[in-house]
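**Student:** Pasting a structure here, questions to come.
The values are calculated or read from the model by the stated rules, or taken from the named source; none is laboratory data. Keep in mind it's a predicted model, so treat the numbers as computed, not measured. Backbone-built Cβ (ideal geometry, glycine too); neighbour counts: all protein chains shown.
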Amino acid sequence: MYNFMLAFVACAAAYIIGEVVSTMTKAWVPSVFVTAVVMLIGYWTVFPETLVTDSVLIPFGSTLGIYLCLTHMGTVISIKQLIEQWKTIVVCLAGLAGMCALCLVICPLVMDKAYVISGLPPLTGGIIAAVTMQEAAAEKGLADAALFAIAMYCVQGFAGYPLTAVCLQLEGKKMLQAYRSGDLKVIAASNKVDAVNGKLETEASTKKKLIPPLPGKWNSNAVIFLRLGIVGFLATQCGNIVIPGLNMKISGAVWALVLSVIATTIGFLEEDSLNKAHSYGIVMFALMMYVFDGLKTSTPEMLAGVILPMIILIIVGVFGMGVLCFVISKILRMPFLLSYATALTALYGFPPNAIITESTCAALAQTPEEKDYLMSQMFAPMIVGGFTTVTITSVIIAGIFAGML
């Protein structure tokens, strides 16, 4: 009875279980962690090791899916939005620098350096960084390090969620105290956030672009895919260019992100491309299943061997992030707790950053006006923080670290 359709059903069921648990716990228990646990138990019991391959989600997820996802990420970022939140970007970059620096100095003293190198990029960001390090480790024959990269991606949220919630709670109480004293007025939130992918919608989104949009009747899903494909192809070619003087290449994944931001800015790519093509869900599903395929060769003994290094890397990394965030926030005269919260988005990204922020504002506010005020102060920085850490910087870090293994 087992065939490609039953394999697809098993993958979908594991994925849905993760989503259900995450929804029921308001994202405090990450869906990726739950799905990873389900897949692990499945591999140890009834799932064949070839499950994801049998479902035909590979090779799509491992090749085309990665570049489609990366180019899509560039279509939900506005250069203007990033400029407006420059302080948030600076403090997030400083936080990631502190995380990487302290981990690279301390962690190799107490754990395998291959774990440090393969685990840091997923700790600083999301799925693309995890996939990049998993592939790099696998190519070097470092099976444990490849598993470590995926495991780190699956569990990092457990450190990020509670820390972020505490930071936002404390900072929100300070803001409300000042607001209730009568010294401040409600600032209407000028940025809205798309509930599907976290795209900030501002006036910049309605501006005319260099390349005018196609009429709706000609802008079919296939046309959107064609344009994404052209940008993705250019990124693969740029990834082959050796930088003069440095004798190194920049990952095609990094180029895909950079080129897609530029292409969206001039109007070649549609904003929010994959969602407009009604394809974001299947692309992300295939990509996630490719990630979980990396768990198929793991054993309970192998997993037990990486738990302690994961805990050490997370503790050291989060501490290093906090130290540099504190220093930079004082220099830029930003609230430290909010600054730290924006940097912590590296550990989970969107949509948990939006969910945690909105839930915190709703819980603290006693009136709709108070919630509006808190949202106007916290929401945009948290969303831009997620873009800066997960969408942009972690991809660059992974491209650099992949060559260090």
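**Student:** Can you tell me which of L324, L295 is touching a residue at least 60 places away in the same chain (Cβ under 8 Å), within 25 Å of F8 (Cα to Cα) and assigned by TED's automatic domain parsing to the domain that holds G98?
**Tutor:** Unique residue meeting the criteria: L295.
**Student:** Find the residue count for segment 152-208, including only residues that are closer than 22 Å to I383 by Cβ, of a type outside the set (D, E) and at pLDDT 75 or above.
**Tutor:** Residues flagged as closer than 22 Å to I383 by Cβ, of a type outside the set (D, E) and at pLDDT 75 or above within segment 152-208 amount to 20.
One line per residue, one yes/no per condition, for (1) free of Cβ contacts under 8 Å to residues at least 60 places away in the same chain; (2) outside the structural domain of F148 (by TED's automatic domain parsing):
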position: A36; (1), (2): no, yes
position: M39; (1), (2): no, yes
position: T63; (1), (2): yes, no
position: L68; (1), (2): no, no
position: T71; (1), (2): no, no
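**Student:** Another one. Quick check on this structure: which one of F319, F268, F336 is hydrophobic (A, V, I, L, M, F, W, C), touching a Phe, Trp or Tyr at 6+ places or on another chain (Cβ under 9 Å), surrounded by fewer than 22 Cβ atoms within 10 Å (Cβ to Cβ) and at pLDDT 90 or above? Walk me through it before giving the result.
**Tutor:** On the way: F319 fails: touching a Phe, Trp or Tyr at 6+ places or on another chain (Cβ under 9 Å); F268 fails: touching a Phe, Trp or Tyr at 6+ places or on another chain (Cβ under 9 Å).
Testing whether each residue is hydrophobic (A, V, I, L, M, F, W, C), touching a Phe, Trp or Tyr at 6+ places or on another chain (Cβ under 9 Å), surrounded by fewer than 22 Cβ atoms within 10 Å (Cβ to Cβ) and at pLDDT 90 or above leaves just F336.
**Student:** Looking at segment 367-385, can you tell me whether even one residue there is under 30 Å from T132 (Cα atoms), touching a Pro at 6+ places or on another chain (Cβ under 9 Å) and crowded, with 20+ Cβ neighbours inside 10 Å?
**Tutor:** no
**Student:** OK, next. For segment 206-244, give me each residue that is part of a loop (DSSP other than H, G, I, E, B), within 21 Å of C69 (Cβ to Cβ) and not small (G, A, S).
**Tutor:** N219, N240
**Student:** Next question. Hey, F326 hits all of (1) at pLDDT 90 or above; (2) on the phi > 0 side of the Ramachandran plot but one; which does it fall short on?
**Tutor:** Failed condition: (2).
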